[in-house]
1. Being among the acidic types (Asp, Glu) and part of a loop (DSSP other than H, G, I, E, B), is that true of even one residue in the range 135-151?
2. Please work out if VAL46 is among the β-branched types (Val, Ile, Thr), part of a loop (DSSP other than H, G, I, E, B) and out of contact with any helix residue (DSSP H, G or I) (no Cβ under 6 Å at 6 or more places or on another chain).
3. Only one of (1) more than 21 Å from LYS170 (Cβ to Cβ); (2) in a helix (DSSP H, G or I) is not met by ILE114, so which one is it?
4. Are there any pairs, at least 6 apart or on different chains, whose C-beta atoms fall under 9 Å, with the first in the range 37-51 and in the same structural domain as LYS77 (by TED's automatic domain parsing) and the second β-branched (Val, Ile, Thr) and not in a helix (DSSP H, G or I), and if so, which?
5. If you check PHE169 against the conditions, is it modelled with pLDDT under 90, surrounded by 10 or more Cβ atoms within 10 Å (Cβ to Cβ) and in a helix (DSSP H, G or I)?
6. Can you tell me which residue in the range 56-78 is nearest to the chain's Cα centre (by Cα), limited to those that are surrounded by 15 or more Cβ atoms within 10 Å (Cβ to Cβ) and part of a loop (DSSP other than H, G, I, E, B)?
7. Do the conditions hold for ILE37, that is, is it β-branched (Val, Ile, Thr), crowded, with 16+ Cβ neighbours inside 10 Å and in contact with a Pro (Cβ under 7 Å, 6 or more places away or on another chain)?
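The values are calculated or read from the model by the stated rules, or taken from the named source; none is laboratory data. Quick caveat, the model's predicted, so the values are computed rather than measured. So basically every Cβ, Gly included, is an ideal-geometry build from the backbone, and we count neighbours across all protein chains shown.
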Amino acid sequence: MNKKTGGKPNPKTAKNKPTPTKKIDPEQERRDKVERICEFYSLENVTIESCCEEVGIAIRTFRNWCRDNADFADLFKKAKEANAKIGKEGLREKAMNGLEKAISGFFVEEEETIERFNAAGVKTSTIKTKRKKFINPSSTAIIFALKNVDPSNWNDANPVDLSGEEQIFKIGEQIIKFK
């Protein structure tokens, strides 16, 4: 016990005892990092570069590990497939929403800014106006949708039967009737 430090051992005179270190297997550490990268990559629509950065390794290192180890390459292949599926689903949803808007039309809000100047060229006022504008349905989008939803009736190769049967199509919230 040291009287000067109030009973606490003096760090300058205390013997440096080695702290027990746990031996880390470098191959297991690599495997853990590859598994975490592949898990991140397979669960979200992110880049492999961002996953490597999150784990703290360079993309080149990750690719080298996958090239040298078949298990790592297999994990990465499965993660790429899962990531591609996520990306396709997101793209499909956006395409369907965009097509629905193009078929039925939609409103956009436009903002116009007018600046007024006096005779000396000094700005005197700024007027901002907002207005809603309707974007008309796209005939091309309608044709595309009809050909894909009902190809037997709307394909160019098939003649149109005008025998008088009424045909009803529902696209989004719109109902279209043809005789």
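1. So in the range 135-151, the residues among the acidic types (Asp, Glu) come out as 150.
If we keep only those that are part of a loop (DSSP other than H, G, I, E, B) too, we end up with 150.
Yes, the range 135-151 contains at least one residue that is among the acidic types (Asp, Glu) and part of a loop (DSSP other than H, G, I, E, B).
2. Working: among the β-branched types (Val, Ile, Thr): yes; part of a loop (DSSP other than H, G, I, E, B): yes; out of contact with any helix residue (DSSP H, G or I) (no Cβ under 6 Å at 6 or more places or on another chain): yes.
So VAL46 passes the test.
3. Condition (2) is where ILE114 drops out.
4. Within 9 Å, the pairs are ILE37/ILE57; PHE40/VAL46; TYR41/THR47.
5. Numbers: modelled with pLDDT under 90: yes; surrounded by 10 or more Cβ atoms within 10 Å (Cβ to Cβ): yes; in a helix (DSSP H, G or I): no.
Answer is no for this residue.
6. ILE57
7. Numbers: β-branched (Val, Ile, Thr): yes; crowded, with 16+ Cβ neighbours inside 10 Å: yes; in contact with a Pro (Cβ under 7 Å, 6 or more places away or on another chain): no.
Here the answer is no, as ILE37 does not meet what is asked.
For every residue, the table says whether it meets (1) free of Cβ contacts under 8 Å to residues at least 40 places away in the same chain; (2) basic (Lys, Arg); (3) out of contact with any Ser or Thr (no Cβ under 7 Å at 6 or more places or on another chain); (4) within 30 Å of GLU39 (Cβ to Cβ).
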| site | (1), (2), (3), (4) |
| --- | --- |
| ALA58 | yes, no, yes, yes |
| TRP65 | yes, no, yes, yes |
| ASP68 | yes, no, yes, yes |
| LYS88 | yes, yes, yes, yes |
| GLU112 | yes, no, no, no |
| PHE117 | yes, no, no, no |
| THR126 | yes, no, no, no |
| LYS132 | yes, yes, yes, no |
| THR140 | yes, no, yes, no |
